[in-house]
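The values are calculated or read from the model by the stated rules, or taken from the named source; none is laboratory data. Everything quoted here is computed from the prediction, not taken from an experiment. Here the Cβ is made from the backbone with ideal geometry for all residues, glycine too, and neighbour counts use every protein chain on show.
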Amino acid sequence: MLEVQKIDVAYGDAPALWDVSLVVGRGELVAVVGPNGAGKTTLVNAIAQLLPIRGGRLRLDGSDVTGIGARDLCQRGVALVPEGRRLFASMTVEENLELGCYRREARRFHDESLARVYGLFPILRERRRQPAGTLSGGQQQMVSIGRALMARPRLLLIDEPSLGLAPSVTQQVFDVIRAIHGEGVSILLIEQNAAQALALAERAYVLEGGRVAADGPTVELLAQPHIRIAYLGEDVDAPPAASR
Amino acid sequence: MPSATLLAQSLLSGIFIGGLYGLMGLGLSLFWRYLRLINLAHFALAFLAAYLTYQFVGVLGWHPVVAIIAIVPAFFVIGAAIQALFLRFAISEFASLLVTFGMTVIVESLIQWYWTADFRRLELGHDGGSLRVGPLFVPVTEALLLVVTTVVCAATWAWLHFTYAGKALRASAEDRDIAAAFGVDHRRLALVLAGACVAYAALAGAFFALIFTLTPAQIFAWMGVIFAVVILGGLGNPLGVLAAGLAIGVSEALTMAVTAPTWAPLVSFSLLILVLVLRPSRL
Amino acid sequence: MRRRSGPIALVAATAALALLPLLRPPAFYESFLYLTFLWIALATSWNILSGYSGYFSFGHGAFYGAGVYTTAALAARFEVPFVWTLPAAGLVAALLGFAVGAVVFRVRRLRGELFALLTLAVTFVLATVVLNTPIDGGPGVFLSGVAVPKVYGTTASTIYLFGLGAAAAAVAAAWAVQHSRLGLALFAISDDEDAAQVMGVPAYRAKLAALCISCFLAGVAGGIHALFVTYVTVAETFSITVPLFVILMSVVGGARHWLGPTLGAVFITALTYAFVGGEWAVPGRAVIGLILILVILFLPHGAMGFAARRAHRRPPRLVAASAGANPRRLAVGSGPRDAVLLRCNDVHLTFRGVRALAGVNLDVRAGEILGLVGPNGSGKSTLVNTISGYYRPDTGRILLGQTDLAATAAHRIAHLGVARTFQIPRPFPRLTVLDNVAVAALFGGGRLDWVAAQREARYWLDFVGLAKHALAPPLELNLHQRKFLELARALASVPQLVLLDEVLSGLTPAEVTNALALIREINARGATIVFIEHNMRAVLALTHRLVVLNHGQVIAEGAPHSVVRQPAVVTAYLGTAHA
């Protein structure tokens, strides 16, 4: 469904991603893990058209969508759950959710979608009239996911949902993601918490220093040292190197 | 100490001028909050509309309502054009202050060139009447102005809070990229809002011409008070602007009744200073 | 930076103009020149605060008006000799400015447009007070009876000379400020006030000083003008003309240059005069408005700014060889190695509902390279920001020696020898690379004098390999070079403690190796380094000790290779899987 082909992305003159390729098939949940600074958020922002892609192409359902812009991508059924939530803090929870179904096709299903979101996150119904900025981190994450669901997406891009959340809340969030996937939505999940992400996904990519260091089915990845080296600098399961 | 009737009449006139303050401030406030630009030209355009009203009604003899219907939509277009200019040149919030000041000077000179600095006053036969309510006089035009202002402010508030477009605008002002990621077209909304803001200014100007005497110098004289109204009302809050306008109008009127008229500006500006120093987060 | 050509030209021009009345030109010329002098004085004085620091005041009319009315009151009512009223006018205006600034500059959020509006409001308040009290009372004040010494035989010449004096004084002050520490401080504040404070610039004092100088000059100019018009009214004095024209003139001429307002004043006054007769007065104003718009759109830095940019296109002069071959020692005399240099004691900080620091306890030992790591959102950058004074913790203490940094202002923390780099480089965009480093040398821990600071700046630029870019603007550097500029800035402040915030992010592997070598060298010269990084390979290669943060608390501490194996650390990074 989504194909990223050998893209290069830069921030101004600082290159951030080199030659990155990945695929998300219809109905799949694919994870991208890697340590901080590896370029995961850069990757998602590039796909979501918030950053320009310098080299390579982006395809959605076979057609080239490189550079079409965030609004057009949204019209094609891709929704974003951004890093750090990025809610409209001064607007109420319900208003934030309603912005999610701003696009024409989604507006018709406004009531149905809203009911679905409140069903997944009952606490939000209680707090619907509160300004979104006053909610706790975990609740804000729920609003952010809910907002994306209101757009009735075919593909969901979720960027670091566990960021800044207490471990117990993180668990809740991942359960919701699992449930959404169960309803047939394709998901690209970017996550620093490798263990959780790999438990959810069928396939994963490991990003390090702006490149794909490894990829494949999650069971295989877990057996290899790539992830440990990427995050911790060395293979911590191997015997320690002689001290300096 | 003035009599109760005098105080009540002052209160009433304060309310009416407060209504005008509110209507004048509305466009400026919305422009500043949602488009992040300070449109000083707002004042010059309002007064241009005032002079045009004078011209159409006083010189050409049209009915005031016809004049307003002709003028307001034209100014909507002007507002959209200004916003298009700002978008094209990617002007920052601060630079907008200076550019619109330049526009103000240009418009003011045009006004003075065509209409001269002489006082201009609309002499209205019919509409200039007053109702008597008990011991008080209620001028009809000004009462109408208050009604119009309230309706406009309420309608704008409702548009911002109950329509998709209004909510999209508020979202876009807060985080343009993410709003775009959900399909919001900032550019189109910006043009519409800018047009509306200047149209409101034109409406205020038209009423101004119906009630007051016009001179070009007033363009600058009103800047201070209206900024005070805008900031006290909370940027981008249509109901707040109305409330602040009324509050300042009333306090000025009462100050004038109790002391000398020339003390009146002290009220609004002292309030403004206090708000800016104590609660700068209002913006 | 101290060129002599400017002041010499100024003195020569002043002398020439002072002698002009002897040639007995038509009265029109004396008048025109006097008005030009007045506007030069007003615009230049405005520029000293607003153009240099970026705090655009819309209230210059208030201070000018204060000067006008001080002279009017003293000369007409109390019959004080005219000459003595002038310093009084300046002082009253300066006191007013001090009062406004003392309150307003304390409010952190009051930048930009708000400052402009506030100063405008002050003008209206002052005008109202003057109008309603015996200072004016309504009818205005007549000064035609005031005795004025007659130089060159006429009153008009005297006023001309006073005007010339005011203009010359203002321009001289602007030149002096621009080439002094104060000037550099103001420019830094204009570019990035928060970064400037973290580097030791005392922003509050600098702005207040500039405001007082600006107001004094405006007040004196006002006093002189009172005599010129001989009849002052509130409406004329406090009109919108003064505040708006000074902005216009400075912006057109170039607000960051001492000569800019002069050019703008001459240009605009000439234009106004050209249109003064009959039917051209009004369209003339329209032209002026159009000029302002065009300048903002196309020449935002004004005439002088444009000229400065063109001058810069020439290849920079080769910078003189760095002073001396002896490697600089850093942190001379900071106590025995391995003693505790900095101690964080139970530091808490919550903002926007997130507990960024939830009780951090750690020590930094003198002479070490301490690695500070942790997953995203663990609080590393927040901790650096808190130590350097950018944020204030809610509770807890941060002890550097005996001083609690948590209770110290950011610029004083810099004076104590704490330097930091920013994760995303924040150079002052409108200062040269050399000046960027010089700011740190002048205002940081070393607090060097001007000459020593320049030397120090060149030395550290050379050390990081940026010597040949010394006169370039920072935006011409690529990311790698900008990071090294950050490093040079941190070092030029002669720090005891250097906080490096993700200095390696975005660098290629070769650049990383280069950077690590440089950091080791800095440490070898005596600086204690706290190294925040995500690149774990680099951290393991470089650091002596490692501290791991997670959810705002320290979860592990010790030798790098063993810390990285602790289960708590592995879990923190990789996460735990739930069924």
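You will find that of B:LEU26, B:LEU6, B:LEU98, the residue that is aliphatic (A, V, I, L, M) and under 17 Å from the mean Cα position of the chain (by Cα) is B:LEU26 and no other.
Yes/no matrix, rows are residues, columns are (1) surrounded by 24 or more Cβ atoms within 10 Å (Cβ to Cβ); (2) in contact with a strand residue (DSSP E or B) (Cβ under 7 Å, 6 or more places away or on another chain); (3) touching a residue at least 40 places away in the same chain (Cβ under 8 Å):
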residue	(1), (2), (3)
C:ALA441	yes, no, yes
C:ARG458	no, no, yes
C:GLY465	no, no, no
C:SER505	no, no, yes
C:GLU511	no, no, no
C:ILE519	no, yes, yes
C:VAL530	yes, yes, yes
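A quick yes/no check of all residues on (1) in contact (Cβ under 8 Å) with a residue 24 or more places away in the chain; (2) of a type in the set (A, V, I, L, M, F, W, C); (3) surrounded by fewer than 24 Cβ atoms within 10 Å (Cβ to Cβ):
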{"site": "C:ILE8", "(1), (2), (3)": "no, yes, yes"}
{"site": "C:GLU30", "(1), (2), (3)": "yes, no, yes"}
{"site": "C:SER45", "(1), (2), (3)": "yes, no, no"}
{"site": "C:SER50", "(1), (2), (3)": "yes, no, no"}
{"site": "C:SER57", "(1), (2), (3)": "yes, no, no"}
{"site": "C:THR70", "(1), (2), (3)": "yes, no, no"}
{"site": "C:ALA75", "(1), (2), (3)": "yes, yes, no"}
{"site": "C:VAL80", "(1), (2), (3)": "no, yes, yes"}
{"site": "C:PHE105", "(1), (2), (3)": "yes, yes, yes"}
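Please find, among C:ALA94, C:ALA62, C:ALA41, the residue that is small (Gly, Ala, Ser), closer than 24 Å to C:VAL246 by Cα and within 14 Å of chain B (Cβ to nearest Cβ). From the options C:ALA94, C:ALA62, C:ALA41, the qualifying one is C:ALA62.
Residues that are closer than 16 Å to B:LEU30 by Cβ: list the helices (runs of 4 or more DSSP H) wholly contained in segment B:114-222 that include at least 2 such residues. Give the derivation first.
Details: elements: B:140-162, B:164-174, B:176-181, B:186-211.
Of the helices (runs of 4 or more DSSP H) lying wholly inside segment B:114-222, those with at least 2 residues that are closer than 16 Å to B:LEU30 by Cβ span B:140-162, B:164-174, B:186-211.
Checking segment B:71-81 against the condition returns a match, with at least one residue being of a type outside the set (A, V, I, L, M), in contact (Cβ under 8 Å) with a residue 12 or more places away in the chain and surrounded by 23 or more Cβ atoms within 10 Å (Cβ to Cβ). Restricted to segment A:179-198, and to residues there that are free of Cβ contacts under 8 Å to residues at least 24 places away in the same chain and not in a loop (DSSP other than H, G, I, E, B), the residue that is farthest from the other protein chains (Cβ to nearest Cβ) is A:GLY182.
When we screen C:GLY153, C:GLY137, C:GLY165 for residues that are closer than 22 Å to C:ILE40 by Cα and surrounded by fewer than 20 Cβ atoms within 10 Å (Cβ to Cβ), the only hit is C:GLY165. Count of segment A:147-199 residues, restricted to those that are buried (at least 18 other Cβ atoms within 10 Å of the Cβ) and charged (D, E, K, R), is 6.
Residues being within 14 Å of another protein chain (Cβ to nearest Cβ), over 15 Å from C:ALA13 (Cα atoms) and part of a helix (DSSP H, G or I) are represented in segment C:132-143 by at least one member. Which residue, of B:GLU142, B:GLU123, is crowded, with 16+ Cβ neighbours inside 10 Å and more than 10 Å from every other protein chain (Cβ to nearest Cβ)? Just a single option satisfies the conditions, and that option is B:GLU142.
Being within 14 Å of chain C (Cβ to nearest Cβ) and within 30 Å of B:ARG170 (Cβ to Cβ) is a condition met by no residue of segment B:252-267. For B:VAL275, all conditions in the list (1) crowded, with 23+ Cβ neighbours inside 10 Å; (2) within 14 Å of another protein chain (Cβ to nearest Cβ); (3) part of a helix (DSSP H, G or I); (4) β-branched (Val, Ile, Thr) hold save one; what is the number of the exception? Unmet condition: (1). Residues in segment C:238-249 include at least one that is touching a Leu at 6+ places or on another chain (Cβ under 6 Å) and either more than 30 Å from C:ARG412 (Cβ to Cβ) or at pLDDT 85 or above (or both). In segment B:149-169, the residues that are closer than 20 Å to B:VAL72 by Cα and touching a residue at least 60 places away in the same chain (Cβ under 8 Å) reach residues that are of a type in the set (Phe, Trp, Tyr) and in a helix (DSSP H, G or I) with C-beta atoms within less than 7 angstrom, at least six apart or across chains, in these pairs: B:VAL152/B:TYR200. Do the conditions hold for A:GLU202, that is, is it in contact with a Leu (Cβ under 8 Å, 6 or more places away or on another chain), farther than 23 Å from A:PRO122 by Cα, surrounded by fewer than 19 Cβ atoms within 10 Å (Cβ to Cβ) and not hydrophobic (A, V, I, L, M, F, W, C)? So A:GLU202 passes the test. For segment C:179-204, the set of residues classified as over 15 Å from C:PHE428 (Cβ atoms) and part of a helix (DSSP H, G or I) consists of C:LEU182, C:TYR204, listed by residue number. For the residues B:PHE31, B:PHE56, B:PHE94, the requirement of being of a type in the set (Phe, Trp, Tyr), in a helix (DSSP H, G or I) and surrounded by 22 or more Cβ atoms within 10 Å (Cβ to Cβ) singles out B:PHE31.
Could you say whether any residue in segment A:158-175 is away from chain C (no Cβ under 14 Å), more than 13 Å from the chain's Cα centre (by Cα) and under 20 Å from A:TYR118 (Cβ atoms)? I'd like the intermediate steps shown before the answer.
Taking segment A:158-175 and keeping what is away from chain C (no Cβ under 14 Å), we get A:158.
Subset that is more than 13 Å from the chain's Cα centre (by Cα): none.
Within segment A:158-175, none of the residues are away from chain C (no Cβ under 14 Å), more than 13 Å from the chain's Cα centre (by Cα) and under 20 Å from A:TYR118 (Cβ atoms).
In summary, helices (runs of 4 or more DSSP H) completely within segment A:99-152 and bearing 2 or more residues that are closer than 18 Å to B:LEU169 by Cα and within 14 Å of chain B (Cβ to nearest Cβ) occur at A:104-107. For segment B:187-195, the criterion of being within 9 Å of another protein chain (Cβ to nearest Cβ) and touching a residue at least 24 places away in the same chain (Cβ under 8 Å) is met by no residue.
Does at least one position in segment C:541-562 carry a residue that is on the phi < 0 side of the Ramachandran plot, in contact with a helix residue (DSSP H, G or I) (Cβ under 9 Å, 6 or more places away or on another chain) and within 7 Å of chain A (Cβ to nearest Cβ)? Yes, that holds for at least one residue. The residue pairs whose first member lies in segment A:128-156 and is farther than 30 Å from A:GLU3 by Cα, whose second member is among the β-branched types (Val, Ile, Thr) and not in a helix (DSSP H, G or I), and whose beta carbons are closer than 8 Å, counting only pairs six or more residues apart or on different chains, are A:ARG128/A:THR92; A:ARG129/A:THR92; A:GLN130/A:THR92; A:PRO131/A:THR92; A:ALA132/A:THR92; A:GLY137/C:VAL354.
Report whether or not A:ARG203 is among the basic types (Lys, Arg) and within 22 Å of A:GLY84 (Cα to Cα). Spelling it out, it is not the case that A:ARG203 is among the basic types (Lys, Arg) and within 22 Å of A:GLY84 (Cα to Cα).
Checked against (1) of a type outside the set (Asp, Glu); (2) under 26 Å from the mean Cα position of the chain (by Cα); (3) modelled with pLDDT under 85, C:PRO473 meets all criteria but (3).
Of the listed requirements (1) within 22 Å of B:GLY22 (Cα to Cα); (2) buried (at least 20 other Cβ atoms within 10 Å of the Cβ); (3) away from chain C (no Cβ under 13 Å), B:THR100 misses just one: (3).
One residue stands out among those in segment B:145-169 that are under 26 Å from A:GLY133 (Cβ atoms) and surrounded by 21 or more Cβ atoms within 10 Å (Cβ to Cβ): the one that is farthest from the other protein chains (Cβ to nearest Cβ), which is B:CYS153.
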